[in-house]
Amino acid sequence: MPNLASSDALKALTDWWLDMGVEVDSARIDALMREMKASEPVLKPVKADTKGAPKAAPRRTRGPTDWVAEATRAAAACDSMDALKAAIEAFDGCPLKATCEHTVVYDGVVGADLMVIGEGPGADEDRRGLPFVGKAGQLLDRMLAAIGRSRTENTFITNVNYWRPAGNRNPDAEELDVCRPFVDRMVELGKPKLIIATGGVPAKALLGSDDGIMKLRGTEYTFTTPGGASIPLIPILHPAYLLRRPQDKSRAWRDLLLIEKRLTELG
Ligand code: URA
């Protein structure tokens, strides 16, 4: 049973149960939420500070430049998450940048102990310039809320690719390779205690594995950056997949409980 910190978490949990087809005693839950609301402090949302990030002009970039080396150099020069965001937005080494509207870097609380890393922006994210804000993102928010987590309070959210591939295909190996130095640096600067990789693309890329997500999910691995940071990483099913296959939500729920338990243990 998760440790429910607030009535929001309780609501998210019961919504999640309803999604999974589990019957809940709504009258009892409503009464419990009223009791919890009455005794809760008012929390102010924490805003990610994105001041000072230059707006990069999208342009196609091909040629002799070693873009992975460029990304490695640019990422290493960043000493703050703001600087890293600006460096990613200014980076012209990924051809996907030419066909999308926004560079989508991160959302949530810088320095949070939980970092969620997804695959990359879709159409909604590209339009708004923020990760996980479409339907899958809304489900991700509900999944996180069920274990007392949110991007406004205690969770940082990013992706292994910052530019939407036209037609919503998966990012290819080259596209992931040029983003990787930035992802590594983001982990080093954010210092999360635990990383969640949502879906097969980030799980395989971050772990260097050829195994599918069904094999990788629900197990703890160690993610190591070139700078020497070693962080526990747990892959879960992607929320977009869960929207298509709600019958697999019980698996995702088990994985979330493991994540909650590990976060408690990691302090
Ligand atoms: N899916 C992802 O993996 N990331 C997003 O930001 C949105 C959808």
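The values are calculated or read from the model by the stated rules, or taken from the named source; none is laboratory data. Remember, predicted model here, so these are calculated numbers, not experimental data. When we count neighbours, we look across all protein chains shown, and the Cβ atoms used for this are built from the backbone with ideal geometry, even at glycine. To get the accessible areas, we keep the full protein, side chains included, count just its heavy atoms, and leave off ligands, DNA and RNA. Shrake-Rupley method; radii C 1.70, N 1.55, O 1.52, S 1.80 Å.
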Spatial separation of Cα centroids for segment 96-156 and segment 176-240, in angstrom: 15 Å
Charge context of ALA123, other residues only, Cβ under 15 angstrom, K/R +1, D/E -1: 0
Between ARG73 and ALA166, what FRET efficiency comes out of the Förster formula 1/(1 + (r/R0)^6) with R0 = 25 Å and r the beta carbon distance, rounded to 0.05? 0.35
What is the packing order of peptides 70-77, 83-90, taking the mean over residues of other C-beta atoms within 10 Å and listing the highest first? 83-90, 70-77
Of the peptides 125-134, 248-257, how do they stack up when ordered by the mean number of other Cβ atoms within 10 Å, highest first? 125-134, 248-257
Label point distance in nm, THR65-ALA90, each placed 7 Å from Cα along Cα→Cβ: 1.2 nm
How large is the accessible surface of GLU153 in square angstrom, using a 1.4 angstrom probe and rounding to the nearest 10? 90 Å²
Please list log₁₀ I(q)/I(0) at q = 0.14, 0.23 Å⁻¹ for segment 130-234, using the Debye equation with identical point scatterers on the alpha-carbon positions. -0.58, -1.61
Contour minus Cα-Cα distance for LEU266 and THR224 (0.36 nm per residue): 13.4 nm
